[in-house]
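Right, one structure below, let's go through it.
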Amino acid sequence: DQQVKQNSPSLSVQEGRISILNCDYTNSMFDYFLWYKKYPAEGPTFLISISSIKDKNEDGRFTVFLNKSAKHLSLHIVPSQPGDSAVYFCAASVWGGGKLIFGQGTELSVKP
Amino acid sequence: GAVVSQHPSWVICKSGTSVKIECRSLDFQATTMFWYRQFPKQSLMLMATSNEGSKATYEQGVEKDKFLINHASLTLSTLTVTSAHPEDSSFYICSARAPGTSGSSDTQYFGPGTRLTVL
């Protein structure tokens with residue numbers, strides 16, 4: 001049972017444009033969500049998070065939007081840069097529970 | 001801040017031997033660490049939760065006698081793959097749960113990973 005889903009395995013975007021990565025979840029108990037960036041053969045790097053009491057969190061070029069009624073979150077990267085090319089994972093947890101459940105990842109390619 | 005290291009970064013071993021992987025939180029104390037496994041082009045799968053001073057909690061399907069976890073201090077957790085076989089070859093990643101402000105207590109910071117190849 002895939003509780004966190006990233007239905008797009010890959011995304012290609014032109015440099016300078018917006019990248020939108022999507023994530024859906026099924027467990028209504030999740031109330032904390034995170035996005036990680038990962039390069040091959042490296043550990044994930046924390047990007048940004050959001051708790052369920054908010055619907056938006058912004059950090060520089062990265063913004064995460066949460067739609068609780070739709071059980072959907074998205075990561076916006078504006079403007080996209082070639083260095084953003086990586087695999088992006090969304091993850092969810094029950095706040096205070098510790099365990100993160102990861103989606104399958106979306107490979108972002110930003111072309112110059 | 002929130003730096004997690006892993007050692008070794010890669011290891012090749014013969015079938016039947018045991019391999020120990022260390023995970024350290026370098027600039028914070030982590031009461032809880034996690035061990036993940038990632039197969040090529042797949043998601044990170046949680047193997048176990050390691051709590052300092054107590055037994056690890058293993059996810060369903062993970063053999064606790066094969067993957068021994070020790071969390072002896074607030075900055076170190078070890079994963080030992082015992083009697084390794086080729087099917088244990090994978091990328092093993094640890095993470096540490098960082099203390100944070102309200103709303104961020106579940107943020108995990110990951111180590112760089114260990115590539116294990118069992119011949």
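The values are calculated or read from the model by the stated rules, or taken from the named source; none is laboratory data. Being a predicted model, the structure only gives us computed values, none of them experimental. Methodologically, a virtual Cβ is constructed for each residue, glycine included, from the backbone with ideal geometry; neighbour enumeration extends over all protein chains shown.
Here A:VAL110 passes the criteria (1) touching a residue at least 60 places away in the same chain (Cβ under 8 Å); (2) in contact with an Asp or Glu (Cβ under 8 Å, 6 or more places away or on another chain); (3) within 14 Å of chain B (Cβ to nearest Cβ); (4) surrounded by 20 or more Cβ atoms within 10 Å (Cβ to Cβ) except the one numbered (3). Every condition in (1) surrounded by 17 or more Cβ atoms within 10 Å (Cβ to Cβ); (2) part of a strand (DSSP E or B) holds for A:GLU58 except the one numbered (1). Restricting B:LEU79, B:LEU116 to those that are over 11 Å from the mean Cα position of the chain (by Cα), surrounded by 13 or more Cβ atoms within 10 Å (Cβ to Cβ), at pLDDT 95 or above and farther than 24 Å from A:LEU34 by Cα reduces the list to B:LEU116.
Whether any residue in region A:35-53 is hydrophobic (A, V, I, L, M, F, W, C), out of contact with any helix residue (DSSP H, G or I) (no Cβ under 6 Å at 6 or more places or on another chain) and at pLDDT below 90 is what I want to check.
First, pick out the residues of region A:35-53 that are hydrophobic (A, V, I, L, M, F, W, C): A:35, A:41, A:46-48, A:50, A:53.
Pick out the ones that are also out of contact with any helix residue (DSSP H, G or I) (no Cβ under 6 Å at 6 or more places or on another chain) and you get A:35, A:41, A:46-48, A:50, A:53.
Next cut, at pLDDT below 90 only: A:41.
So far as region A:35-53 goes, yes, one or more of its residues are hydrophobic (A, V, I, L, M, F, W, C), out of contact with any helix residue (DSSP H, G or I) (no Cβ under 6 Å at 6 or more places or on another chain) and at pLDDT below 90.
Residues that are farther than 18 Å from A:PRO82 by Cα, away from chain B (no Cβ under 14 Å) and either in a loop (DSSP other than H, G, I, E, B) or among the aromatic types (Phe, Trp, Tyr) (or both): does region A:28-50 have at least one? Within region A:28-50 (the criterion being farther than 18 Å from A:PRO82 by Cα, away from chain B (no Cβ under 14 Å) and either in a loop (DSSP other than H, G, I, E, B) or among the aromatic types (Phe, Trp, Tyr) (or both)), the answer is yes, since at least one residue qualifies. What's the total number of residues in region A:53-107 that are within 13 Å of another protein chain (Cβ to nearest Cβ), among the polar types (S, T, N, Q) and in contact (Cβ under 8 Å) with a residue 12 or more places away in the chain? Residues that pass the stated criteria total 3.
Please work out which residue is surrounded by the most Cβ atoms within 10 Å (Cβ to Cβ), limiting yourself to region A:89-107 and to residues that are in contact with an Asp or Glu (Cβ under 8 Å, 6 or more places away or on another chain) and not β-branched (Val, Ile, Thr). Before you say what the answer is, go through the steps one by one.
We begin by selecting, within region A:89-107, every residue in contact with an Asp or Glu (Cβ under 8 Å, 6 or more places away or on another chain); these are A:93-98, A:100.
Now narrow it down to the ones that are not β-branched (Val, Ile, Thr): A:93, A:95-98, A:100.
Working: A:SER93: 23, A:TRP95: 17, A:GLY96: 9, A:GLY97: 13, A:GLY98: 18, A:LEU100: 25.
The selected residue is A:LEU100.
The residue that is farthest from B:SER83 (Cα to Cα), among those in region B:8-23 that are within 13 Å of chain A (Cβ to nearest Cβ) and part of a strand (DSSP E or B), is B:CYS23.
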